[in-house]
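As structure tokens, the structure follows; a few thoughts come after it.
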There are 2 protein chains.
Amino acid sequence: MKASTQLQLNGPLLLQQIQALGQVGVDAEQGGRTRIALTDAEKAGRDLLVGWMRELDLDVQVDRIGNIFGTLRSASDSGEQRPLMMGSHIDTVTNAGALDGCYGVLAGLAVIRAFRDAGVRPQRSITVGAFTNEEGVRYQPDMMGSLVHAGGLALDEALNSIGTDGTRLGDELQRIGYAGSLEPGAIVPHEYIELHIEQGPILEAEHTLIGVVENLQGISWQQVEVKGNANHAGTTPTRLRHDAGFVASAIVAQLRTIAVEAGSTLATVGCMKFEPDVINVIPRKATFTVDLRDPDEARLVSAEQRLRRYLDEIAEREGVSIRTEPLVRFQPVIFNAELADEIEASARRFGFSHRRMTSGAGHDAQMIARIAPAAMIFVPSRGGISHNPREHTDDEQLIQGAEVLLDVVSRRLGAS
Amino acid sequence: MKASTQLQLNGPLLLQQIQALGQVGVDAEQGGRTRIALTDAEKAGRDLLVGWMRELDLDVQVDRIGNIFGTLRSASDSGEQRPLMMGSHIDTVTNAGALDGCYGVLAGLAVIRAFRDAGVRPQRSITVGAFTNEEGVRYQPDMMGSLVHAGGLALDEALNSIGTDGTRLGDELQRIGYAGSLEPGAIVPHEYIELHIEQGPILEAEHTLIGVVENLQGISWQQVEVKGNANHAGTTPTRLRHDAGFVASAIVAQLRTIAVEAGSTLATVGCMKFEPDVINVIPRKATFTVDLRDPDEARLVSAEQRLRRYLDEIAEREGVSIRTEPLVRFQPVIFNAELADEIEASARRFGFSHRRMTSGAGHDAQMIARIAPAAMIFVPSRGGISHNPREHTDDEQLIQGAEVLLDVVSRRLGAS
């Protein structure tokens, strides 16, 4: 490990930057910070990040969808070289933790800083990217910046997205001064590595430090609307009921069965609404969301089909109508095996506990995987909690994760 | 049937009064009328009713909870006689039909009018009562006026009820001018008969005109709160979930099983709320209501117990906590058998199709049954619909129901 004596991660500075960025948009009352994409708070976060990139004398470029790239050029790079890219995002949900996204971006900066501090010029350019609107709180779809970068969504369509507040994304991007001139996708990574907190409970539950993320689940979101008849709770015999609330509940219970029987499938009903929502009136209507995930496309399709058959069956049996509306559908992603092997080998060399795993959440890496070899590194999330002020990873684990990232990057660049 | 040649129901005038009262508080946009107890609209309805009572030269009395009584005195009544009472209520829910409650009050007036029109003085005084706040929309509990009348709720407690709009019931009663001086319960009925629309689908489904209501279901309302853990829908394995939404849904499904297996028990979950109600977050909390009804107290208790056991079982199995809060609990009421026989005999004499039945909804009659022999007569509700602008009973059925009421009253008074 030649270079590991050369390249030293500045852990304390990484933690300090995570804290500093975490102060931007902080909500003293509700806790956490709210830095929703393309708001004033997020502009402040972008400014801070760009300032740190300039301190490292990186070549900072902003593309037309607002993605920010900071590049440490190799000696041989005249601007045409495909860089090794690290990245994630710095936008947040409402009352978020400080780590989701920011950790990957700032650890990327820390890796580049290690090269700078050691005075080592990489053999290939290294870029750290912060992608626009990963969270999709105000503008749909989520993971938008990386999706546009990978050519999966037309720039104009993205710029014309209308937010939940009625604003147009392109206008907000102009307003905050981050409508850059670079064409999206102009910087094609040679390889892409994203370090992220797990946002799930597995690593913590298994006392494991490093997650070698070899794939990412497919996601199927739909909205289901059940229409029955509102009637008096005290006077309508069970056999004459068309109870939209009961039907919705039975579907939720059935989804658990589908998930358990499939083994790898996850099924979640996060939103549920009954109408008219009165104690002694049989619900006329129930509306709910279904979130299905599976790392295997065939099994995901199978879960969707089992649900579809159950909807038909219970609609017939209970005399209700059921309408479904697809919201989001992403196929599973298999990350680059060579990169995953590299991450695993690095964890092993450090003596860090590690395991192969599937990412349950969506990440920018899944978009970049369309155009370049990509992989992810996870560190534990306490209690599996994320999108919450209580999101937490121990400082030591944050530094150890970044050390793995530095090690992998330097090996990919032949610098170790 | 001597007197039936003498006593003639004025059907057209009854229908006309139902229509006129139904215009008070009418909502041109949403449909129906909204005459919530002790609002300006309900005061206008009271004024109309009292005017009609005075047109019949009745002795109008208002008690301290605002119940209105109009009495046609018998020759022998010096004010001490227990009257035969008919009654119901004229307050409504939001966007109500024109019949719920009003039909019973105005049919009572029509019965008294038949005596007036025929110049017949009854052998016992006849009273028609309109009880305050039967619906319980703004002030809890519902059936308040009749409950206070029957001594089941202290007057002061009722007057101090705080409404959903922050008002005090006693103040609103003063404001609309219906805080009377009569002590509640001063007028003890000799017998009480309430004519009402079914508010359920049974009579219509069985093509039956007259429901001889021999009992009224017990009602058990509770609120259930399930607390689990919010976690990411994509990263939390099924076995590590404490999904409050799934648990609530499984309970709703189980309630259907409890109802079907018990046969006579009705179980309804009308209100349901998930928190945080986000598509990709496992619900941290689910809150819902349970409405259980059964005409038999032992079976109602058994349903409550089966639910309780299931709550304990699923809380243990899924690692959630479940808290229940009782909201309303009324034991079943058995109406007076002699009165029910009288109603049935009357329907038979008219040649009207009829059946014995249980009231699924709560009614003022159940309160008055605490202090006097009481019974109810039902007529069909189209589609079982009530508490809705689409509430409907055919005019002919409304008149036929009132004819049964007149016949029963005149027989009980020896006037036929």
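The values are calculated or read from the model by the stated rules, or taken from the named source; none is laboratory data. Nothing here was measured: the structure is a model prediction, and the numbers come from that model. For neighbour counting, all protein chains shown are included, and Cβ atoms are generated from backbone atoms with ideal geometry for every residue, glycine included.
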Out of the range A:239-250, which residues are surrounded by 18 or more Cβ atoms within 10 Å (Cβ to Cβ) and at the interface with chain B (Cβ under 8 Å from one of its Cβ atoms)?
A:243, A:245, A:246, A:248, A:249, A:250
Set A:361, A:372: member being modelled with pLDDT under 95 and part of a loop (DSSP other than H, G, I, E, B)
A:361
Anything in the range A:380-399 that is over 14 Å from residue B:232 (Cβ atoms) and either in contact with a strand residue (DSSP E or B) (Cβ under 6 Å, 6 or more places away or on another chain) or facing another protein chain (nearest Cβ under 10 Å) (or both)? List them, or say none.
A:393, A:397
Condition check for residue A:404: under 16 Å from residue A:351 (Cβ atoms) and surrounded by 23 or more Cβ atoms within 10 Å (Cβ to Cβ):
yes
Positions within the range A:1-22 being surrounded by fewer than 18 Cβ atoms within 10 Å (Cβ to Cβ), in contact with a helix residue (DSSP H, G or I) (Cβ under 9 Å, 6 or more places away or on another chain) and modelled with pLDDT of 95 or more, in sequence order
A:8, A:10, A:11, A:12, A:13, A:15, A:20
Using the structure shown, decide if residue B:280 is surrounded by 22 or more Cβ atoms within 10 Å (Cβ to Cβ) and under 30 Å from residue A:202 (Cα atoms).
yes
Taking into account only those residues within the range A:377-416 that are assigned to a helix (DSSP H, G or I), in contact with a Ser or Thr (Cβ under 8 Å, 6 or more places away or on another chain) and farther than 19 Å from residue A:84 by Cα, which is modelled with the lowest pLDDT?
A:384
Residue count, the range A:26-55, condition outside any loop (DSSP other than H, G, I, E, B), acidic (Asp, Glu) and in contact (Cβ under 8 Å) with a residue 40 or more places away in the chain, comes to 2
Checking residue B:410 against (1) in contact (Cβ under 8 Å) with a residue 60 or more places away in the chain; (2) of a type outside the set (A, V, I, L, M); (3) surrounded by fewer than 23 Cβ atoms within 10 Å (Cβ to Cβ), the condition it does not meet
(3)
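Can residue B:352 be described as crowded, with 20+ Cβ neighbours inside 10 Å and touching a residue at least 60 places away in the same chain (Cβ under 8 Å)? Explain how you work it out, then say what you get.
Details: crowded, with 20+ Cβ neighbours inside 10 Å: no; touching a residue at least 60 places away in the same chain (Cβ under 8 Å): yes.
No; evaluated as a whole, the condition is false for this residue.
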State which residue pairs qualify: first residue farther than 23 Å from residue B:90 by Cα and in the same structural domain as residue B:73 (by TED's automatic domain parsing) and inside the range B:105-131, second residue assigned to a helix (DSSP H, G or I) and of a type in the set (Phe, Trp, Tyr) in any location, beta carbons under 9 Å apart, and separation of 6 or more residues or different chains.
B:121/B:115; B:122/B:115
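Facing chain A (nearest Cβ under 7 Å) and within 30 Å of residue A:201 (Cα to Cα): is that true of residue B:288 in this structure?
Numbers: facing chain A (nearest Cβ under 7 Å): no; within 30 Å of residue A:201 (Cα to Cα): yes.
Answer is no for this residue.
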Unique match (being of a type outside the set (A, V, I, L, M, F, W, C), free of Cβ contacts under 8 Å to residues at least 60 places away in the same chain and under 22 Å from residue B:282 (Cα atoms)) among A:329, A:306, A:317, A:284
A:306
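Matching residues to (1) of a type in the set (Val, Ile, Thr); (2) more than 23 Å from the chain's Cα centre (by Cα); (3) more than 9 Å from every other protein chain (Cβ to nearest Cβ):
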{"position": "A:253", "(1), (2), (3)": "no, yes, no"}
{"position": "A:258", "(1), (2), (3)": "yes, yes, yes"}
{"position": "A:266", "(1), (2), (3)": "no, no, no"}
{"position": "A:270", "(1), (2), (3)": "no, no, no"}
{"position": "A:282", "(1), (2), (3)": "yes, yes, no"}
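Farther than 20 Å from residue A:139 by Cβ, at pLDDT 95 or above and of a type outside the set (S, T, N, Q): is that true of residue A:54 in this structure? Steps first, answer last, please.
Working: farther than 20 Å from residue A:139 by Cβ: yes; at pLDDT 95 or above: yes; of a type outside the set (S, T, N, Q): yes.
Yes, satisfied.
Going by the structure shown, is residue A:152 in contact (Cβ under 8 Å) with a residue 24 or more places away in the chain and under 30 Å from residue A:347 (Cβ atoms)? Walk me through how you get there before you give the answer.
Working: in contact (Cβ under 8 Å) with a residue 24 or more places away in the chain: yes; under 30 Å from residue A:347 (Cβ atoms): no.
No: the conditions fail for residue A:152.
Which residue, of B:291, B:243, is of a type in the set (Asp, Glu) and either within 30 Å of residue A:100 (Cβ to Cβ) or in contact with a Cys (Cβ under 9 Å, 6 or more places away or on another chain) (or both)?
Numbers: B:291 fails: either within 30 Å of residue A:100 (Cβ to Cβ) or in contact with a Cys (Cβ under 9 Å, 6 or more places away or on another chain) (or both).
Result: B:243 is the single residue among B:291, B:243 that is of a type in the set (Asp, Glu) and either within 30 Å of residue A:100 (Cβ to Cβ) or in contact with a Cys (Cβ under 9 Å, 6 or more places away or on another chain) (or both).
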Filtered residues of the range A:236-261 (kept if over 27 Å from residue B:383 (Cα atoms) and among the small types (Gly, Ala, Ser)):
A:253, A:259
Kindly provide the set of residues from the range B:108-119 that are out of contact with any helix residue (DSSP H, G or I) (no Cβ under 8 Å at 6 or more places or on another chain) and either assigned to a loop (DSSP other than H, G, I, E, B) or among the basic types (Lys, Arg) (or both), ordered by number.
B:116, B:119
Of the numbered conditions (1) assigned by TED's automatic domain parsing to the domain that holds residue B:250; (2) within 28 Å of residue B:82 (Cβ to Cβ), residue B:224 satisfies every one except a single condition; which is it?
(2)
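Table: residues versus (1) closer than 22 Å to residue B:339 by Cα; (2) in a helix (DSSP H, G or I).
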position	(1), (2)
B:8	yes, no
B:14	no, yes
B:60	no, no
B:82	yes, no
B:86	yes, no
B:93	no, no
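Kindly establish whether residue B:105 is part of a strand (DSSP E or B) and either crowded, with 20+ Cβ neighbours inside 10 Å or in contact with a Pro (Cβ under 8 Å, 6 or more places away or on another chain) (or both).
Numbers: part of a strand (DSSP E or B): no; either crowded, with 20+ Cβ neighbours inside 10 Å or in contact with a Pro (Cβ under 8 Å, 6 or more places away or on another chain) (or both): yes.
Considered against the rule, which asks whether it is part of a strand (DSSP E or B) and either crowded, with 20+ Cβ neighbours inside 10 Å or in contact with a Pro (Cβ under 8 Å, 6 or more places away or on another chain) (or both), residue B:105 comes out as no.
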All but one of (1) of a type in the set (Gly, Ala, Ser); (2) in contact with a Lys or Arg (Cβ under 9 Å, 6 or more places away or on another chain); (3) surrounded by fewer than 20 Cβ atoms within 10 Å (Cβ to Cβ) hold for residue A:360, so report the exception by its number.
(3)
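Residues to consider are A:74, A:88; find the one that is among the hydroxyl-bearing types (Ser, Thr, Tyr) and surrounded by fewer than 22 Cβ atoms within 10 Å (Cβ to Cβ). Don't jump to the end; show me each part of the working.
Values: A:88 fails: surrounded by fewer than 22 Cβ atoms within 10 Å (Cβ to Cβ).
Selected residue: A:74, the only one of A:74, A:88 that is among the hydroxyl-bearing types (Ser, Thr, Tyr) and surrounded by fewer than 22 Cβ atoms within 10 Å (Cβ to Cβ).
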Looking at B:393, B:358 in this structure, which one is over 30 Å from residue B:118 (Cα atoms) and hydroxyl-bearing (Ser, Thr, Tyr)?
B:358
The range A:365-382 - residue that is in contact with a helix residue (DSSP H, G or I) (Cβ under 7 Å, 6 or more places away or on another chain) and surrounded by fewer than 24 Cβ atoms within 10 Å (Cβ to Cβ) and, of those, nearest to residue B:284 (Cα to Cα):
A:382
For the condition surrounded by fewer than 24 Cβ atoms within 10 Å (Cβ to Cβ), under 20 Å from residue B:368 (Cα atoms) and modelled with pLDDT of 95 or more, what is the one hit in B:60, B:26?
B:60
